[in-house]
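Below is one structure, written out as structure tokens; comments come after it.
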Amino acid sequence: MTVTSSNTKEQSTIARSTWQRALASRSFVIGVSITLLIVVLALLSFVWTPYDVAKLVITNRLKAPSTEFWFGTDHFGRDIFSMIMVGARNSIAVALVAVAIGMCIGIPLGAWAAAKRGWIDDVLMRANDLVFAFPSILSAVMITAIFGPGAINAIIAIGIFNIPVFARLTRGAALSLWSREYILAARVCGKSPARITVEHILPNITNLLIVQGTIQFSLGILAEAGLSYVGLGAQPPLPSWGRMLFEAQTMMAIGPHMAIFPGIAIILTVLGLNLMGDGLRDALDPKLRGEN
Amino acid sequence: MGISVKKTILTGMTAVLLSATALAGQAFAAKDSLIMGVALEPPHLDPTAGAAAAIDEIVYANIFEGLTRINENGEVQPALAKSWEISEDGKTYTFMLQSGVKFHDGADFTAEDVKFSLDRARAEDSTNAQKGLFAAIEAVDVVDATTVKITLKNPAGNFLFNMGWGDAVIVDPASADGNKENPVGTGPFKFANWAKGSSVNVARNDAYWGTPVALASASFRIIPDAAAATNALLAGDVDAFANFPAPESLPQIEADPRFAVVQGSTEGETVLSTNNSKAPFNDIRVRQAIAHTIDRQAIIDGAMFGQGTPIGTHFAPHHPAYNADLINTYPRDLEKAKALLAEAGLADGFKATLQLPPPTYARRGGEIIASQLREIGIELEIIPVEWKQWLEGPFKGDFDLTIVSHTEPMDIGIYANKDYYFKYDSKPMQDVIAKLDVTSGTDERYALMKEAQAIITNDAVNGFLFELAKTGVWNAKINGLWKNSPVQANDLTGVSWSE
Amino acid sequence: MSWFIAKRLVSLFVTLIFATIVIFAVLEIIPGDPARLMLGINATEDAVSALREQMGLNQPIFIRYLDWVTGLLSGDLGKSFTYSSQVSELIGERIWVSLPLALLALTLSTVIAIPIGLYAAARRGRTSDTSIMAATQFGIAIPNFWFALLLVYVFAVALRWVPAGGFPGWENGIWPALYSLFLPAIALALPQAAILSRVARSALIEVLGEDFIRTARAKGLTKSQTLWHHALRNAMIPVVTIMGLQFAFLLAGTIIIENVFYLPGLGRLVFQAITQHDLPVVQGTVLLLVATVVVINFLIDLLYAWIDPRLRSTTR
């Protein structure tokens, strides 16, 4: 996708008006609200859930949603609402760490490539192409096949794919900045490329990176659900949304609530993050916003 | 206006879809064909070169035949050998063969083929997975075209049964090497084609030597997961599952008059296999504590939706020699379990791993067991494994706990093998089994079997959980499918449709 | 232009060569003994070692890599460990499920997305646009396997309109085969259509704001003429790019969807092969998918260069 970075003004003044614009955007507000709700539920699950998700009470199995069990129970008699709360923890953690991996490795690589150009740039970008050439779900399946299934390996699998995303984005945006007059001026003043990158380039592309981070976060949630669904994500007894859907598959006739609620949880989380990202992007790019 | 247009479009779509389904249906609608669902795809189709049950589930009795065969009730019956004589000392078997039998490629079946097949199976470089079946054979001699004499090293009570295994089928020297891809046997069905990942198809062998089969063709459709199996059955894509993998769907299927649900027995003792050589499981008190904690009925209800019979030892409960009292040896008693752990110096519990192979009984049963053992402070880390990893790990003795169903018939003898993966080394047990091997009287044998069961239960070698149920689910108009599964097979020779 | 193509071709091949190394190396690390697996649980140690020798597993890794690559060049991908047949044959069989499925999904997604994108762009800012965009947000957020589950339940189990899964094979007629691909294609296509319609909409909006469109309008062309003749063609670039990327994604996305519908395609093949440690099959299939992605990216690059000559001089 095309990367347009038109802001060359100082960071602080932009930031304030950005927030104002963002908060005025309906999709941003809705997105943030949903995301906050999920995050709060996830954090709350550390100290409290309606029922203990580690305890299987077989006699309670497959209860339909009621005041006792809001989202019903699964085939082991566990409370689905509690499982969704704990599952949120897992989804968020996996996606968040995967984004962090992508950022921590991708951004320096991209910035380095843009600052140095030449063969380093070529090599890095070829390596990027190489990683990009492996469809993410395929590499995730391969990685988990080697190291065995589990939340940590799901993180690595998703994180690896995030690296080239951030490297490309950073490099592209940084390249366009390097040709700007004020960067040239800084170079003439004798500042080192590393210093220019830290002082002038990175602050100016932070917004872009945050927006991309939100998108990768939501993609990570989906990817984690997919991996858990095929049995390669978090392992029992830890509940995860994808696994819950896998287990619900055969119960569609006797307990459709087992499939419906985790599905809605995934959709809401991804939706919340996407709306938040869109709202941010609109707020950061007044040109697009004007056209909306 | 808007609504009526929409409605017309919808009706139109429905009509198109319906006519297409009708079209699709026609291809399979003839009542002399059968589509059978199987869980695992065979690696290849040569039963003499692999132990995978998935091979026998397709070819046994359908494509390939041996000297003898096992029937639905687990009895030995004549097959390519129409009769046999056993010498006084039990060491010489003379088989009289069927005449006029031809292989599917037209080659004649003779005594030479019997010698070839058995010599090939027991050869040094043989890749037969059950070489043990042939270990007793000293020599195979061709007497004439329809007579074979087999000399044994020592009398073996199981020999006729062994010759009925899928691994002991008779193959033709000319086609033997191609059987993996294009199996050529003497059975009532010929191999038609194999759509990899999808189905194996067979067609009636019109030149069959025995009673002709009613089905003109049959297709074994590979459906690995329980959800897909349920959907395929309900959608009418598959006519029958000999072993239906989704017990949770049974109430729904039983309520549907299109289907028959048939409960049979298996030889599958499902156990919490325990590494008896590894601390802390080498301490009998720890194993007994586990036994006192396990709630079998909760496992059967939660994992199998009530399908299965609790067992107190490693023996099929439908067998006359089953020691039924042993089920009460370790009643669920958490206080006692905790006390036993404390005696073993593990009052605070401990951590261990539980490796679970793919079947539902293991994956779901494992979660329940982990939850139960947590009640006495044992924290189990659940590790799901594929069969390949299971063979590399637990089956080689590298494990703490695992759950597996031992489906071989009469396999209590594995507890006398100290190298078997649960590493149980007990002199009394080894003595009893050694004695059993040389005992012939039924009553004496049963008494020894009961004694063996008591030994392993008292030692709490493994967590004895339940006997796997075999739930056959098929179209109510199908007759002749096996109710029980004494051996891994989907014998279609007696199957027909009633109208 | 030819210099640019040559340069891109070289990098295409370099990427492919590195891909072969990565694929081969990565899969060598997977623990497990294929010979043991082939023979099964009760096989004796002798039988296993006999088979290991027979399969050439005792050769050093470097030799096996060279064997594999030279095989590749002559179209020989080796022999499957679990099925006793050629990998190229297996892929040849399976691709006739995955490729039509991916194409069907791509077609469906395009047919759904482009008109929606056009409509929304033309009605930019109005209620219809806003509601469509809100709907696409949901579309993007839906996991395709969850959607697939619902589709199976409604259309196959409850209504019995289409098969729940499985594939009758093309030899039994085109229609039964197409019908069994119908639900999986919808499950794959809808989330993609949501993305594509958003891209189409924003691309159109961007193009509509450019000078030549204003000129066209000034020349007296109607709004819809402008939309169809000028804007759409120019907006196709990002749309085609996304379609290219989506095709690769769809091909890989079949890994999960084929498992829901138990379709015997490449995705199921590679997934099963990984769990069964069938290295030659995994290597062959992954390489095929990777090569597809690389070639599609190459074509997109060419397309870009053809449309925007400025790009030829820079190295991306």
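The values are calculated or read from the model by the stated rules, or taken from the named source; none is laboratory data. Only a predicted model underlies this, so the values are computations on that prediction, with no experimental measurement involved. Cβ atoms come from the backbone with ideal geometry, glycine included; neighbour counts cover every protein chain shown. The protein model used for the area step is the full one, side chains on, heavy atoms only, and it has no ligands, DNA or RNA in it. Shrake-Rupley method; radii C 1.70, N 1.55, O 1.52, S 1.80 Å.
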- Kirkwood Rh over alpha-carbon pairs of the range A:138-292 plugged into Stokes-Einstein at 4 °C, 1.567 mPa s gives a D in µm²/s of 71
- Ranked from highest to lowest mean number of other Cβ atoms within 10 Å per residue, what is the order of the peptides B:370-379, C:193-202? C:193-202, B:370-379
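How many percent of the accessible area of chain C is carbon or sulfur, using a 1.4 Å probe? Mind dumping the intermediate values first?
Numbers: 9240 of 13500 Å².
That fraction is 68 percent.
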- The local net charge around C:G71, scoring Lys/Arg +1 and Asp/Glu -1 for residues other than C:G71 whose Cβ lies under 12 Å from its Cβ, equals 0
- Query: To the nearest 0.05, how large is the calculated FRET efficiency for B:T309 and C:D67 if R₀ is 41 Å and r is the Cβ-Cβ distance?
  - Reply: 0.20
- Using the Cα gyration tensor of the range A:12-116, with a ≥ b ≥ c the square roots of its eigenvalues, what is the shape: rounded (a/c below 1.5), prolate (a/b larger than b/c) or oblate (neither)? oblate
- Add -39500 (n - 2.57) for each DSSP H run of 4 or more in the protein assembly as shown, then divide by its residues: what number comes out at 222 nm, to the nearest 500 deg cm²/dmol? -17500 deg cm²/dmol
- Message: How would chain A be classified by its alpha-carbon gyration tensor: rounded, prolate or oblate, with rounded meaning a/c under 1.5 and the a/b versus b/c comparison settling the rest?
- Response: prolate
- Message: Highest mean first, how do C:176-186, A:212-222 rank when packing is the count of other Cβ atoms within 10 Å averaged over residues?
- Response: A:212-222, C:176-186
- Note on the structure: Per 5 angstrom bin, beginning at 0 and ending with the bin that holds the maximum distance, the Cα pairs of the range B:352-488 fall in percents of 2, 8, 15, 16, 17, 16, 12, 8, 5, 1, 0
- Message: Once each part is reduced to its C-alpha centroid, what is the distance from the range A:85-162 to the range A:168-228 in angstrom?
- Response: 16
- Message: So for chain A, if I pair up every lysine 8 or more residues apart or on another chain, how many of those pairs have alpha-carbons under 21 Å apart?
- Response: 4
- Message: Could you tell me which residue out of C:I91, C:V282, C:P163 lies farthest along the dipole of the range C:87-314 toward its positive end? Charges go on the beta carbon: Lys and Arg +1, Asp and Glu -1, centred on the Cα centre.
- Response: C:P163
- Message: Counting only protein heavy atoms and a 1.4 Å probe, tell me what percentage of the range A:106-165's accessible area is made up of carbon and sulfur.
- Response: 75
- Query: How many nm separate the modelled label positions at C:E171 and C:T127, each set 7 Å beyond the Cα in the direction of the Cβ?
  - Reply: 5.8
- Query: What number, in percent, do you get for the relative contact order of chain B if the mean sequence gap of Cα pairs under 8 Å and at least 6 apart is divided by its residue count?
  - Reply: 19
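Calculate the FRET efficiency for A:L96 and B:M96 from the Cβ-Cβ distance with a Förster distance of 45 Å, rounded to the nearest 0.05.
Numbers: r = 75 Å, r/R0 = 1.66.
Calculated transfer efficiency: 0.05.
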- Shielding by partners, peptide A:214-224 (average Cβ within 10 angstrom, other chains): 1
- Task: Might you report the magnitude of the Cβ-based charge dipole of the range B:371-495 about its Cα centre, with Lys and Arg at +1 and Asp and Glu at -1, to the nearest 20 debye?
- Result: 460
- Degrees between helix C:45-54 axis and first principal axis of chain C (Cα, 0 to 90, nearest 10): 60
- Task: Round to the nearest 10 and give me the degree value, 0 to 90, for the angle of helix C:232-260's Cα axis relative to the longest principal axis of chain C.
- Result: 30
- Query: Working out 0.36 nm times the residue gap between B:D256 and B:R332, then minus their Cα-Cα distance, what length gain in nm do you get to one decimal?
  - Reply: 23.6 nm
- Counting partner chain Cβ atoms within 10 Å of every residue's Cβ in C:195-204, what's the average? 1
- Which of B:N479, B:F191, C:L250 sits closest to the plus end of the dipole of the protein assembly as shown, meaning its Cα is farthest towards the positive end, when Lys and Arg get +1 and Asp and Glu get -1 on the C-beta? C:L250
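At 30 angstrom or more along the helix axis (alpha-carbon based) and mean Kyte-Doolittle of 0.5 or higher, what helices does chain A contain? Whole DSSP H runs only.
Numbers: long enough: A:26-47 (32 Å, 2.40); A:80-116 (53 Å, 1.65); A:151-178 (39 Å, 1.36); A:202-229 (39 Å, 0.96); A:257-284 (40 Å, 1.25).
Within chain A the helices that satisfy the rule are A:26-47, A:80-116, A:151-178, A:202-229, A:257-284.
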- Query: Can you give the charge dipole size of the protein assembly as shown about its Cα centre, rounded to the nearest 20 debye, using +1 on the beta carbon of Lys and Arg and -1 on the beta carbon of Asp and Glu?
  - Reply: 6240
- Query: Among B:I456, B:A291, B:L340, whose Cα lies farthest out toward the positive end of the dipole of the range B:269-467, if unit charges sit on the beta carbon of Lys, Arg (+1) and Asp, Glu (-1)?
  - Reply: B:L340
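Using the alpha carbon gyration tensor of the protein assembly as shown, what are the three equivalent-ellipsoid semi-axes (square root of 5 times each eigenvalue), largest first, in whole Å? Present the calculation step by step, with values, prior to reporting the outcome.
Values: eigenvalues 649, 224, 172 Å².
Semi-axes (√(5λ), whole Å): 57, 33, 29.
To the nearest whole number, what is the average tally of beta carbon atoms from other chains within 10 Å of the beta carbons of peptide A:253-261?
On the way: counts 12, 6, 1, 3, 0, 0, 4, 3, 0.
Mean number of neighbouring Cβ atoms from other chains: 3.
With a 1.4 Å probe on protein heavy atoms only, work out how much accessible surface C and B bury together, total over both chains, in Å² to the nearest 100. Let's see the in-between values first.
Values: alone 17330 and 22010 Å², together 35430 Å².
The buried area between C and B, both sides summed, comes to about 3900 Å².
Just order C:235-243, B:244-252 by mean Cβ neighbour count inside 10 Å, highest at the front, would you? Walk me through the numbers on the way to the answer.
Working: C:235-243: 19.8, B:244-252: 21.9.
The packing order, highest mean first, is B:244-252, C:235-243.
For chain B, list the DSSP H helices whose alpha carbon atoms reach 30 Å or more along the long axis and whose average Kyte-Doolittle value is 0.0 or above?
What comes out of the filter, once short or polar helices are dropped, is B:2-26.
How big is the dipole moment of the range B:65-176 about its Cα centre under a simple scheme where the beta carbon of each Lys and Arg is +1, that of each Asp and Glu is -1, and everything else is neutral? Debye, nearest 20, please.
Dipole magnitude for the range B:65-176 comes out near 160 debye.
Is the C-alpha gyration tensor of the range C:87-314 telling us rounded, prolate or oblate? Criteria: a/c under 1.5 is rounded; beyond that, a/b larger than b/c is prolate, otherwise oblate. Please list the in-between numbers first.
Working: a/c = 2.66, a/b = 1.58, b/c = 1.68.
In terms of gyration-tensor shape, oblate.
Averaged over all directions, how much area does the convex hull of the C-alpha atoms of the range B:65-176 cover when projected, in nm²? Before the final figure, lay out each step's value.
Values: hull surface 27.9 nm².
Mean shadow area of the hull around the Cα atoms is 7.0 nm².
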- Taking Cα centroids, how far is the range B:438-482 from the range C:234-308 in Å? 50
